[in-house]
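The values are calculated or read from the model by the stated rules, or taken from the named source; none is laboratory data. In this text, all values refer to a predicted model and were calculated from it rather than measured experimentally. Methodologically, a virtual Cβ is constructed for each residue, glycine included, from the backbone with ideal geometry; neighbour enumeration extends over all protein chains shown.
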Amino acid sequence: MSTITKLDDIDKAIINMLQKDPSITHSQIAKKLDRSQPAIGARIKKLNENGILATQIGVDFSNPDVNSVLNLVKVELTTSNPEDVFALSKVCPYIINALKTSGEYNVLMFMACSSLKRLDTILDRHFRNKEYVRKIQMDLITSYAHPFILPVDFMSENFENPDDPCKITTCPYCETLLSKEKDKK
């Protein structure tokens, strides 16, 4: 039986409180649940160790100060080789995550960048020109019902010149991927 199906009401309440307010302290949770702080700390530690509770630091794309500068897009692909798409997603700083899905499109990616032109160039040079990619669609995410927090690689982002299409032919991330592919052969 899965660990997640064994959660009791206290564990569920802890997870719920942390999801609503990640900065809540163990003492505050303990007070609300009428438990001791060490008991709450032990439960949180166990939830973390079991992989049920995790923390991700990122930017909130629902914040107007963020989404007025950074574009978040959803990219859907129909591909016969999702593994190659996943390999590039592991090294490209603009791809936040890639997921294998069912349906007509079998890979979904989230990408973020200050320039839609740069994102389109990445898609042109690394996906649209591949024979194993049959169909691709990029949609700009325009609004959010809830906070939407995702990690962003600010070290790669070029805010000074957002229209610079990124020198992808000499991109150190792409070169790393290409050298790893050559080493496999």
Worksheet entry | Selection from region 67-98 of residues that are within 11 Å of the chain's Cα centre (by Cα) and among the β-branched types (Val, Ile, Thr) | Ile95, Ile96
Worksheet entry | Residue selected from region 83-105 under the condition surrounded by 18 or more Cβ atoms within 10 Å (Cβ to Cβ) and touching a strand residue (DSSP E or B) at 6+ places or on another chain (Cβ under 6 Å), by the criterion nearest to Pro151 (Cα to Cα) | Ile96
Worksheet item: Do we have Glu131 as out of contact with any strand residue (DSSP E or B) (no Cβ under 7 Å at 6 or more places or on another chain) and among the acidic types (Asp, Glu) here?
Response: yes
Worksheet item: Among the residues of region 57-77, is there at least one that is assigned by TED's automatic domain parsing to the domain that holds Phe127, within 14 Å of Ile136 (Cα to Cα), surrounded by 12 or more Cβ atoms within 10 Å (Cβ to Cβ) and modelled with pLDDT under 95?
Response: no
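Going through region 7-20 one residue at a time, which ones are outside any helix (DSSP H, G or I) and surrounded by 11 or more Cβ atoms within 10 Å (Cβ to Cβ)? Lay out the reasoning, then the answer.
Quick first cut of region 7-20, residues outside any helix (DSSP H, G or I) only: 7-8.
Scanning region 7-20 gives a single hit, Leu7.
If you scan region 76-100, which residues turn out to be among the hydroxyl-bearing types (Ser, Thr, Tyr), assigned to a loop (DSSP other than H, G, I, E, B) and under 27 Å from Glu157 (Cβ atoms)?
If the condition is that a residue be among the hydroxyl-bearing types (Ser, Thr, Tyr), assigned to a loop (DSSP other than H, G, I, E, B) and under 27 Å from Glu157 (Cβ atoms), then Tyr94 is the only one that fits.
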Practice prompt. Only residues that are crowded, with 16+ Cβ neighbours inside 10 Å and either assigned by TED's automatic domain parsing to the domain that holds Phe148 or in a loop (DSSP other than H, G, I, E, B) (or both): list them for region 21-46, please.
Written response: Arg35
Discussion item. Quick check on region 159-181. Is at least one of its residues small (Gly, Ala, Ser), at pLDDT below 90 and either within 24 Å of Asn67 (Cα to Cα) or assigned to a loop (DSSP other than H, G, I, E, B) (or both)?
Written reply: no
